[in-house]
1. When the accessible area of region 68-210 is split by element with a 1.4 Å probe, what percent falls to carbon and sulfur?
2. Apply 1/(1 + (r/R0)^6) to the Cβ-Cβ distance of Ser9 and Arg229, taking R0 = 56 Å, and write down the FRET efficiency to the nearest 0.05.
3. So, by mean Cβ neighbours within 10 angstrom, what's the order for 619-629, 508-518, 277-287 with the highest one leading?
4. Give me the three principal axis extents of the chain from the C-alpha atoms, as integers in angstrom, largest value leading.
5. Scattering from the C-alpha atoms of region 208-261 alone, worked out with Debye: what is log10 I(q)/I(0) at q = 0.19, 0.23, 0.24 1/Å?
6. Counting each DSSP H run of 4 or more residues in the chain as -39500 (n - 2.57), what helix-only mean residue ellipticity at 222 nm follows after dividing by all residues, to the nearest 500 deg cm²/dmol?
7. Once phi is turned into ³J(HN,Hα) by the Karplus curve 6.51 cos²θ - 1.76 cosθ + 1.60 with θ = phi - 60°, what whole-Hz value does each residue of region 264-271 show in order, with x for glycine and proline?
8. Take the Cα gyration tensor of region 374-527, multiply each eigenvalue by 5, square-root it, and list the three semi-axes largest first, rounded to whole angstrom.
Amino acid sequence: MSNANNLLSKETSPYLLQHADNPVNWHPWNSEALQLARQQNKPILLSVGYSACHWCHVMAHESFEDPQTAEIMNQHFINIKVDREERPDIDKIYQTAHSLLTNRPGGWPLTVFISPHNLMPFFAGTYFPNQRRYNMPSFIEIMQMVSDAYINKADDIKQQDNAIQQVIDRLSQHGNTPDELDTLPLDIARRQLASEFDSSHGGFSPAPKFPHCSMLERLLRHCALMDKRSTPDNEARNMLCFTLDKMASGGFQDHVGGGFYRYSTDKYWMIPHFEKMLYDNGQLLSIYALSFAYTQNPYYKSVAEHTADWAIRELQSELGGFFSALDADTEKVEGKFYVWTADEIKTLLSIDEYQALAAMYGLNKPANFEGKWHLHAGYDIDNIDDSTPLDRNTFEQLISNALSTLLNARNTRTLPARDDKILCSWNALMIRGLSLAGRHCNNTSYTDAANRAVDFIRKHMWHNKRLVASYKDGHAHLNAYLDDYAFLLQALIDLLQTRWNTTTYNWALEIADSMIEYFYDRDHGGFYFTSHDHEELLYRSKQFADEAIPNGNACAVSALYILGLLSGKTSYLEAAENTLKSAYSDLKSQAITHCALLNSLELHFNTPSIIILKGKTEHLAEWQADLRQHYSGQLFSFAIDTDHSDDVFTEKTLQGDICAYICEGTQCLPVITKKQEFLDYIAPTNP
């Protein structure tokens with residue numbers, strides 16, 4: 001039975017809509033709900049989560065669907081439900097508050113109790129059970145304690161508020177460093193990555209193991225630069241490749257359908273948390289495509305293709321934008337869609353296919369997930385070759401046939417729920433991944449898919465030269481955040497290198513101008529997470545550290561550097577440098593958590609080369625094929641087909657059938673018209 005006082009039914013967020021029939025009097029975050037809390041002098045119970053979150057579902061079933069629990073919530077609190085994916089501004093603020101209050105990292109579901117008059121949090125936690133267990137009090141006990149404290153311990157809460165406000169004030173202070181920028185943070189990060197590296201299983205943490213894509217890209221760029229200097233760092237290369245190998249071979253990757261799960265629950269990358277997120281897969285697609293370009297390891301190309309194919313098949317909408325996530329649960333059971341019994345597999349496959357699959361994925365070993373098997377290729381195919389009479393090609397073909405059969409059978413099961421809102425920032429991460437895969441895997445279908453997503457954002461999420469953050473069912477809304485602008489700008493630069501489009505280039509300039517106008521701190525450098533005209537919240541964050549996604553300031557800096565050199569707009573270069581200066585103290589003190597921004601610092605000290613190729617179709621394709629064989633973090637190439645493309649760089653005239661205009665920073669080199677000279681310039685330095 002629906003609850004007339006539950007106000008979530010008209011929201012666009014699939015997560016909020018999941019709670020629209022709760023007996024809780026839920027409000028979305030808006031001025032009306034905040035005003036009601038002030039009028040009734042009730043604390044706010046803020047619950048933050050997302051649609052694919054397993055423990056969010058657990059708490060919902062246990063507590064928010066329970067009439068007794070709802071009665072207490074409704075009596076003592078104004079209850080506000082927030083989708084952290086639509087409102088990362090609110091999530092960031094109260095995750096920080098949770099850490100200050102508990103001295104522990106946060107997560108989802110996030111549960112915060114907030115004073116209505118100043119929006120200051122005074123108690124916080126994550127998941128609370130409906131009964132005492134896991135060494136935790138019940139949610140009802142927590143609410144009774146909090147309600148009593150709000151009424152009877154107002155002075156204590158006020159004193160705590162003052163302490164938190166002082167910390168928030170310090171967090172909000174960022175100024176240009178008095179020192180000159182230097183490369184010390186790059187060296188610090190390299191040492192820290194080595195000290196955190198798991199040499200047994202890859203990655204940079206114990207269980208649970210996350211992919212940490214920004215750290216991997218930092219290693220990749222470092223390795224490429226060391227190779228260019230003829231001082232290869234083999235230890236760093238091993239950290240990168242060993243981690244990529246372990247992640248891809250483990251159960252962290254969906255070997256049947258493609259794509260990666262959220263994280264591994266164990267140190268072996270074997271059993272994942274089964275939700276699949278667009279933002280994770282966009283980043284992982286990028287790192288595998290770039291690592292293929294760097295190492296020419298065909299396995300990385302295969303992983304990139306497997307991921308791209310899955311994303312296009314499962315998450316791209318008919319309109320072109322990408323949906324946000326697939327749920328971990330099916331029929332309220334986590335992982336049910338993805339796991340198998342041995343008998344199921346045997347009935348689907350031939351004897352040879354089953355034996356090959358069993359050897360590859362350990363089906364002849366004990367079951368690894370609640371009596372069933374989740375495919376985990378923890379076995380070296382070269383060693384398998386030694387133990388089977390089959391030649392390698394036959395063995396690989398049997399595996400391919402078996403996985404295809406399993407995919408068809410799996411698709412007849414009840415599918416995991418899909419979060420079908422379209423987020424600008426997460427789409428940008430996938431656009432970048434598809435652009436890189438399209439270029440380095442030489443697959444135009446990936447580039448086409450990236451372009452469809454770009455066209456969707458420009459048509460549906462760009463209004464009056466401003467981006468909006470979220471789109472669902474024909475409704476685009478919410479002021480965009482820094483990540484929306486910065487990620488999209490970075491993605492467009494990668495897309496333009498894969499396939500030039502003058503309209504896209506001009507749009508990138510508009511996005512950069514809008515980002516600087518509405519987010520840039522002209523007094524102290526750096527970009528705020530929210531725009532100058534955004535809703536006023538507890539405080540306005542300006543952050544530089546990476547989270548599960550790269551930092552928006554980091555992507556803004558790298559994009560503005562390249563776009564500034566490409567366009568000649570020095571204001572972009574100044575904003576990029578001032579942002580680095582604003583963040584420099586953080587870079588020195590916490591280098592490993594700022595890997596994306598370190599890539600920008602590396603650009604600052606290692607002059608980028610901007611190549612503009614101009615040529616007729618046939619010749620241009622040949623030179624582009626040469627470029628695809630190499631990776632350099634300092635080389636950016638834009639190819640303009642004079643047979644088919646509009647030409648925005650009219651001062652750079654075509655000389656012969658093809659030519660290359662190359663500028664190193666602000667210094668331009670003589671025009672190259674001969675292929676051998678071009679090859680000499682981009683000559684590989686990888687071992």
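1. That share works out to 48 percent.
2. Computed FRET efficiency for Ser9 and Arg229 comes out at 0.40.
3. Descending mean neighbour count gives 277-287, 508-518, 619-629.
4. On the principal axes, the chain reaches 81, 69, 47 Å in Cα extent.
5. Listed by q, the Debye log ratios stand at -0.69, -0.86, -0.90.
6. Roughly -15500 deg cm²/dmol at 222 nm, from the helical runs in the chain.
7. So the J values, rounded to whole Hz, are 9, 7, 10, 6, 8, 6, 9, 9.
8. 41, 20, 15
The values are calculated or read from the model by the stated rules, or taken from the named source; none is laboratory data. Since we're looking at a predicted model, the values are computed, not measured. Don't worry about glycine lacking a Cβ; one is built from the backbone with ideal geometry, like all the others, and counts go over all protein chains shown. These area figures cover heavy atoms from the full protein model, side chains too; ligands, DNA and RNA do not enter into them. Shrake-Rupley method; radii C 1.70, N 1.55, O 1.52, S 1.80 Å.
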